[in-house]
Amino acid sequence: MENSANATVDTVTVTADTVFRFTVLAHAYGVVLFAGLPLNAASLWILLRRHRLKSASAVLMVNLAASDLLLVLSLPPRVDYYARRAWAWGPGVCTVTTLLFRNNIRTSSVFIAFISVDRLLAVVFPLRSRALRTVSVSGGACAAVWLLACALSVPEGLVTYRHLPDSDCFEVPAASRRVAFIQTGLVATLLAVTVVSTGLVLRALRMRRVAVPATRGGGRRRSNPALIFVVNLLTFAVCFVPFSVVLHGVGTIWSPETLHAVLCLASVNCCLDPLIYYFSLDGFWGADTNT
C-alpha cells in the first residue's frame, strides 16, 4: 500500500486497518441502502402518481429522485464487497455500479442546481419566468443532462473495465487530472449557482416580509423556499464538495482511503434529497398546485 504512489490497488491486503475500513464502509453503505431505498421509491411514486409531471418543479424532482434511486440500486453489490472483502459479481457489474455511482454525483448536483434556479425564478421573477418554467423546458434540460451523462459513461466504462483487478472492485486507479478537473469545476460552478440563488431568494423574501406583514396561515408557505435552499447547500457541503476536493488531490495530498470515505459520504445525498421534495411542493402528499 505504501508503494502505491499512483493510488492503484491491485489486491486487497488483509490487515487490521483494512478489516476495520471495510467493516465501517459495509455498515455505512448498508444504512444508506435501507434508508434511501424506501425514501426515494416512495418519493418517486408520490411525484409520479400525485403530481404527474404537471409543473417544472415536479419534472426536476422526478429526475432527481430517479437518479438517487439508481444510486441506491447500485449499493447491494458494494455492501456485499465490503462485507466479504472480495468481489464475486464479475467485471461487468463492477463497471455498471461504478458508473451509476459517478453519474449520480454528477446528475444530482446538476438537478439540485436546476431546482435552486427554478425556485429563484418562482420567487424573484414569478411573472417574467413563466415562459421558462414549463414542463417542456425542464424536460428538455433534464434529457440533455442524461444524454451527457450517458456520453461520458462510454469512455469511462471502457477505461474502468480495462483497469479492473481480478478479484476486487472499487480499488481502481485514481481519476485522471482531466476528469478530476472537470468534476471539481462542475461542482464549483453548480455550488456558485446555488449560493447566488440562495442569496437572491432570501433577499426577496426579506423584502417581501417588510413590505407585507405576515398573515394568518401564510407563514409556513413563505418559509419553504428558505428550507429548500438550506437542504440544497447542506447536500453540496456534505456530499459533493468533499468528494470533489479529495478527488482532485488523491494520490498526492489525500490517500485512497480518504477517497473511499468521502465517496461513502457522497452517497448520503440520496437520503437528503427527499427533504427537497417535501419543502418544494405545496401539499407534497396531495395534488400538485403547480408551484
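The values are calculated or read from the model by the stated rules, or taken from the named source; none is laboratory data. Keep in mind that what you see is a predicted model, and the values were worked out from it rather than measured. Note: ideal-geometry Cβ built from the backbone for every residue, glycine included; neighbour counts use all protein chains shown.
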#### Entry: Pick from the range 123-170, criterion surrounded by 19 or more Cβ atoms within 10 Å (Cβ to Cβ) and touching a Pro at 6+ places or on another chain (Cβ under 8 Å), ranking: modelled with the highest pLDDT
Val123
### Query
Considering the range 127-149 alone, what residues qualify as being under 19 Å from the mean Cα position of the chain (by Cα) and touching a residue at least 12 places away in the same chain (Cβ under 8 Å)?
Ser138, Gly139, Ala141, Cys142, Val145, Trp146, Ala149
### Query
Here are Arg102, Arg128, Arg119: which of them is under 14 Å from Val59 (Cα atoms) and of a type in the set (Lys, Arg)?
Arg119
### Elements of type helices (runs of 4 or more DSSP H) contained in the range 63-179, each with 2 or more residues being basic (Lys, Arg)
75-84, 90-124
### Task
State whether one or more residues within the range 229-241 are in contact with a helix residue (DSSP H, G or I) (Cβ under 7 Å, 6 or more places away or on another chain) and at pLDDT below 90.
no
### Query
Out of (1) exposed (fewer than 13 other Cβ atoms within 10 Å of the Cβ); (2) under 17 Å from the mean Cα position of the chain (by Cα); (3) β-branched (Val, Ile, Thr), what's the single condition that is false for Val110?
(1)
### Task
Check whether at least one residue in the range 207-218 is out of contact with any Phe, Trp or Tyr (no Cβ under 8 Å at 6 or more places or on another chain), farther than 23 Å from Asp273 by Cβ and at pLDDT 85 or above, and report yes or no.
yes
